[in-house]
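Here's the structure, in structure tokens; my notes come after.
The values are calculated or read from the model by the stated rules, or taken from the named source; none is laboratory data. Model, not experiment: these values are computed from the prediction. Don't worry about glycine lacking a Cβ; one is built from the backbone with ideal geometry, like all the others, and counts go over all protein chains shown.
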Amino acid sequence: MKSKSASEPTVQEVEKAKHLYCRIICGDSREVLPTITEKAALIVTSPPYADARRKHYDSIPPSEYPMWFAGPDGFSEVFWNALEPEGSFVLNIKDKVVDGIRNHFVWKTIQLLEEKGWKTIDDYLWRKTNPMPGYWHNRLRDGWEYCFHLARVVRPKMYQEQVKVPIGGWTEARLANLKGKDLKRQNSANKSGFGRDLTYWVNKDKVLPPNVIVADEPKEEEGENVVELPIGIGRQFQHPAVFPVGLPAWFIRLFTKTNEDGFSDGLVIDPFSGSGTTGIAALNLRRNSILIDNNRDYCEMAYKRIKAEANPNGWEVLREGF
């Protein structure tokens, strides 16, 4: 009888790999995460902002926020330990105006995270296509939010092919008849180190777009680090800070993948899960996820919302602690 190879998965392992789930856990993520044995390929979350949502969260003043989030009793260490060595941490957050002046507690928080060993790989912007109206004497409406990409290493796992965009119509004319200097790499005349090689783009139909895109029409620009999406309506979900499903979905595509059979090959964790948006995005993309929130009502809301809104593709929603 032919013996089973040591590297060949067992029937139980195969069935487990096909089990698509979302676990919703009610509790403090600082206490819950150390109990989870599986490491995350991606932590994507939007924590409570400074001095905001006082009726819904414990309000943290901007001056105390960096230490609350990244200090010795904060979340930095538990997030670090919950992440795969080459995993990614995406932090959606926005700074605050205090007495008419922009308070950059966000940047102080990021700097403190960097002191703890985190690498700030890139800054993404979520451009809101429907920001709240209002009038202020010295500023305009807030139409965007930060999405910081942090990691334990300089080169975390990243699946750029999954978010590439069409190269555009410029190639038909520009690359049709290359000749002379266009047939080899041209370095910058001012010796900046930059250069171009147009032959590289011949027969290419998709590319990584520029870092910053500003467009007039509301749309989701997949593959750019300005993600244009409308904000969620908090009243609709009985939660004050709902981000759209497309926001975590975009980062899930960029930093996780499925295996050859189309099942989850990377755990997604949201440690401030609120109304469960990340869980919907993960299930729709066939990724397993764990959602954690210390508010029992939000956990209950997330459970009902995910069961009602996620695409029906054989998943299971598990509830713990509520």
| note | Within the stretch 145-157, restricting to residues that are surrounded by fewer than 17 Cβ atoms within 10 Å (Cβ to Cβ) and in contact (Cβ under 8 Å) with a residue 60 or more places away in the chain, the one that is farthest from GLN111 (Cα to Cα) is ARG155
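Any residue in the stretch 84-98 that is in a strand (DSSP E or B), touching a strand residue (DSSP E or B) at 6+ places or on another chain (Cβ under 8 Å), among the basic types (Lys, Arg) and in contact (Cβ under 8 Å) with a residue 12 or more places away in the chain? Outline the logic, then answer.
Initial filter on the stretch 84-98 (in a strand (DSSP E or B)): 84-93, 96-98.
Keeping just the survivors that are touching a strand residue (DSSP E or B) at 6+ places or on another chain (Cβ under 8 Å) gives 84, 86-93, 96-97.
Restricting the remaining residues to those that are among the basic types (Lys, Arg) gives 96.
Keeping just the survivors that are in contact (Cβ under 8 Å) with a residue 12 or more places away in the chain gives 96.
The answer is yes; a qualifying residue exists.
Look through LYS39, LYS108 and report the one residue that is in contact (Cβ under 8 Å) with a residue 60 or more places away in the chain and surrounded by fewer than 21 Cβ atoms within 10 Å (Cβ to Cβ).
LYS39
Each row is one residue, and each column tells you yes or no for (1) assigned to a loop (DSSP other than H, G, I, E, B); (2) at pLDDT below 95; (3) more than 20 Å from GLY276 (Cβ to Cβ); (4) of a type in the set (S, T, N, Q).
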| site | (1), (2), (3), (4) |
| --- | --- |
| GLU38 | yes, no, no, no |
| VAL44 | no, no, no, no |
| HIS56 | yes, yes, no, no |
| PHE69 | no, no, yes, no |
| ASN81 | no, no, yes, yes |
| field | strands (runs of 3 or more DSSP E) enclosed by the stretch 203-314 - at least 1 residues per element that are in contact with a helix residue (DSSP H, G or I) (Cβ under 8 Å, 6 or more places away or on another chain) and either among the basic types (Lys, Arg) or at pLDDT 95 or above (or both) | value | 267-270, 289-293
| message | Looking at the stretch 296-322 only, could you name the residues that are of a type in the set (S, T, N, Q) and within 22 Å of the chain's Cα centre (by Cα)? | response | ASN311
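Yes or no, residue by residue, for (1) crowded, with 22+ Cβ neighbours inside 10 Å; (2) assigned by TED's automatic domain parsing to the domain that holds LEU254:
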site: SER264; (1), (2): yes, yes
site: LEU267; (1), (2): yes, yes
site: GLY279; (1), (2): yes, no
site: LEU283; (1), (2): yes, no
site: TYR298; (1), (2): yes, no
site: MET301; (1), (2): no, no
site: LYS304; (1), (2): no, no
